[in-house]
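The values are calculated or read from the model by the stated rules, or taken from the named source; none is laboratory data. This one's a predicted model, so the numbers in the text were calculated from it and none came from an experiment. With ideal geometry, Cβ positions are generated from the backbone for all residues, glycine too; neighbour counts draw on all protein chains shown.
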Amino acid sequence: MIDSFNFTNVGGRDENQDSLTVMSDRNRNLFIVADGLGGHQHGSQASGCVVSALSDCWRAARVWNRDALFSSFRQANDALLALQNQLRTTAKSTAALLSIEGNRASCANTGDSRIYFLRNSGIRMITEDHSVAFKKYKSGEINKDQIAADEDQSSLLRVMGNDTRWEPEAYEVDGLRPGDSFLLCTDGFWEYISDEEMLLDRLSADTARRWAQLMLLRVIERVPANHDNLSLITVILR
Amino acid sequence: MAGAQTTVKSAPEKLPKTSMPPASFGGKMIYVVGNIQGVGKREQQEDSFGFGNALDTGAIDRQGLMAVVADGMGGMKNGKLASDTAVSVILDAFRRMDLRSSIPQQLQDAAIAAGDRVLDQLQGSGGSTLVAGLFYQEMLWTVSVGDSYIFLLHDRKLVRLNHSQNVLSRDSLELIMNGSMDRTEVLRSPEKDAITHFLGMPGLDETDLLRSPLKLSAGDVLMFCSDGVGGFLSERYIEECLLERTPKEMCDALEAGLRSRDHKYQDNYTALVVQCRR
């Protein structure tokens, strides 16, 4: 059994270019967050297109394995490229996808939306941001908590809607147990809260909704008036 | 007891005749504690605090260590009575705790029982906040009512562990659930800092609680304090203080910070510091 809660907010921007979805089909569960980039409402169409295409492929897949996952991302990218043509835009989107089946989870991301895994008293960021700022962190040039403020934070090295450099990185988590949790979020959220705080709030919460509320209470204290769209999905296995 | 430091160790195991070192040598977690307290610019002290087992080395292993701070309100003697009652009910519950049963449930029950006692005694003319932490088998459980603070310094970074129960928090949550992240209006409310939950209120049913424990690491520092500290020192400054080497130095730095700011309305202040070491 899975307890999940999702939240999205436009922030101080004119429109919300994040898209997200939560669905279940047969004995599989799907969670996606996507952060669109591009003016004139094209950003929200871009992320919407990606989420839609990924969900359709996920539902149609007989088996959700690496092949199905990569093929779905390819199809979603193609759909976005077609949309770009149609709208004469260069709008792009990140994507972070989590699929849970039984006691196994499959995660994938392109861009800088994130997926975290929590068990007992530990939290681990599963995905890596495809950004220049994250590369600087990996090379030791900056610390993890300096990523959000780095001037290169919005320079994405991989993103959906590119001819090349759209491919996701994929990860698996096996042996899932009751109490294990996941958090998916866009950068408008993770910029304002630390891993330790995400963990403490999970330990204080008895539901996915309460966990999200506690984290959002921290974030609301910190966001400036013109802050970015933010989105999150909390997932707790029972 | 400003800046006092007590070393709390588990008793070393007796060496067998072959003189092999005890299995736990160098491995067990020990807790070094310290505290500050002052009246600030107020007429009397309405904060109370206490430790359970702080000096009882063997008992820490069996029963854990407890740290409690309570910030009383109600003026005259009522505030002090309320916070004293809160501390003694919690410490009493701690001594009788069954560590094989749910600790969060027992901590919540203890907080509510403390609230009932305060209500009995003061009939609504006084109340108290509460923050308490139970350290046992290298894990931490906490309970909080009201707007006192529990801070954790982990990996050299300060985070707040509990969430205040006050009007600002309540209104912020309502905003969030209605789809807004803009607090401007809510911050203008003159009542924003009023607490919404306290020991001594009728019908207290909600506490802020770690429902699963936090695993402690060597180097972690916990601070339990009233808002005379948490509301008067910046988090940045508190972080610097808790980065000092020993609880005594941490407490000295906290005290020095409050004195040098010399705030016109400095509230009663109390802080307990617990440093985890191996």
Residues of the stretch A:196-211 classified as under 21 Å from the mean Cα position of the chain (by Cα) and touching a residue at least 24 places away in the same chain (Cβ under 8 Å), total: 8
Matching option when the condition is out of contact with any Phe, Trp or Tyr (no Cβ under 9 Å at 6 or more places or on another chain), closer than 17 Å to A:Leu217 by Cβ and surrounded by 16 or more Cβ atoms within 10 Å (Cβ to Cβ), among B:Thr207, B:Thr184: B:Thr207
Evaluation of B:Gly179 against (1) surrounded by fewer than 20 Cβ atoms within 10 Å (Cβ to Cβ); (2) assigned to a helix (DSSP H, G or I); (3) facing another protein chain (nearest Cβ under 8 Å) (one fails), failing number: (2)
Within the stretch A:108-117, tally of residues that are surrounded by fewer than 24 Cβ atoms within 10 Å (Cβ to Cβ) and among the hydrophobic types (A, V, I, L, M, F, W, C): 1
Top-ranked residue of the stretch A:62-73 - restricted to ones that are part of a helix (DSSP H, G or I) and without any contact (Cβ under 8 Å) to a residue 40 or more places away in the chain, ranked as surrounded by the most Cβ atoms within 10 Å (Cβ to Cβ): A:Ser72
Matching residues in the stretch A:155-200 - criterion: being in contact with a helix residue (DSSP H, G or I) (Cβ under 7 Å, 6 or more places away or on another chain) and among the β-branched types (Val, Ile, Thr): A:Ile193
Within the stretch A:150-194, considering residues that are within 14 Å of chain B (Cβ to nearest Cβ), assigned to a loop (DSSP other than H, G, I, E, B) and buried (at least 17 other Cβ atoms within 10 Å of the Cβ), the one nearest to the chain's Cα centre (by Cα): A:Thr186
Failed item in (1) under 22 Å from A:Leu98 (Cα atoms); (2) in contact with a Phe, Trp or Tyr (Cβ under 7 Å, 6 or more places away or on another chain); (3) more than 13 Å from chain B (Cβ to nearest Cβ), with A:Ile147 passing the rest: (1)
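So that you can scan it fast, the table gives a plain yes or no per residue for (1) part of a helix (DSSP H, G or I); (2) β-branched (Val, Ile, Thr); (3) within 14 Å of chain B (Cβ to nearest Cβ); (4) buried (at least 21 other Cβ atoms within 10 Å of the Cβ):
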site: A:Glu196; (1), (2), (3), (4): yes, no, yes, no
site: A:Leu200; (1), (2), (3), (4): yes, no, yes, yes
site: A:Glu221; (1), (2), (3), (4): yes, no, yes, no
site: A:Leu232; (1), (2), (3), (4): no, no, yes, yes
site: A:Ile236; (1), (2), (3), (4): no, yes, yes, yes
Candidates A:Ser52, A:Ser44, filtered to the one that is under 18 Å from A:Glu15 (Cα atoms), free of Cβ contacts under 8 Å to residues at least 40 places away in the same chain and of a type in the set (Ser, Thr, Tyr): A:Ser44
First in the stretch B:151-162 and more than 8 Å from chain A (Cβ to nearest Cβ) and closer than 16 Å to A:Arg218 by Cβ, second anywhere and surrounded by fewer than 22 Cβ atoms within 10 Å (Cβ to Cβ) and modelled with pLDDT of 95 or more, Cβ under 6 Å, 6 or more apart: B:Phe151/B:Leu158; B:Phe151/B:Arg160; B:Leu158/B:Glu235; B:Leu158/B:Glu239
Helices (runs of 4 or more DSSP H) contained entirely in the stretch B:192-278, each with at least 2 residues that are among the hydrophobic types (A, V, I, L, M, F, W, C) and within 18 Å of the chain's Cα centre (by Cα): B:235-242, B:247-261
Residues that are within 20 Å of A:Val33 (Cβ to Cβ) and small (Gly, Ala, Ser), drawn from the stretch A:160-176: A:Gly161, A:Ala170
Residue ranges of strands (runs of 3 or more DSSP E) in the stretch A:1-61 with at least 3 members more than 14 Å from chain B (Cβ to nearest Cβ) and out of contact with any His (no Cβ under 6 Å at 6 or more places or on another chain): A:18-25, A:28-37
Selection from the stretch B:182-202 of residues that are within 13 Å of chain A (Cβ to nearest Cβ) and farther than 30 Å from B:Asp120 by Cα: B:Asp182, B:Arg183, B:Thr184, B:Glu185, B:Val186, B:Leu187
Members of the stretch A:93-144 found to be part of a loop (DSSP other than H, G, I, E, B) and hydroxyl-bearing (Ser, Thr, Tyr), listed by number: A:Thr94, A:Ser113, A:Ser121, A:Thr127, A:Ser139
Residue satisfying all of: in the stretch B:103-127; exposed (fewer than 13 other Cβ atoms within 10 Å of the Cβ) and at pLDDT 95 or above; farthest from B:Leu214 (Cα to Cα) among these: B:Asp120
Filter pass, B:Asp147 being more than 30 Å from B:Asp61 (Cβ to Cβ), away from chain A (no Cβ under 11 Å) and either acidic (Asp, Glu) or buried (at least 21 other Cβ atoms within 10 Å of the Cβ) (or both): yes
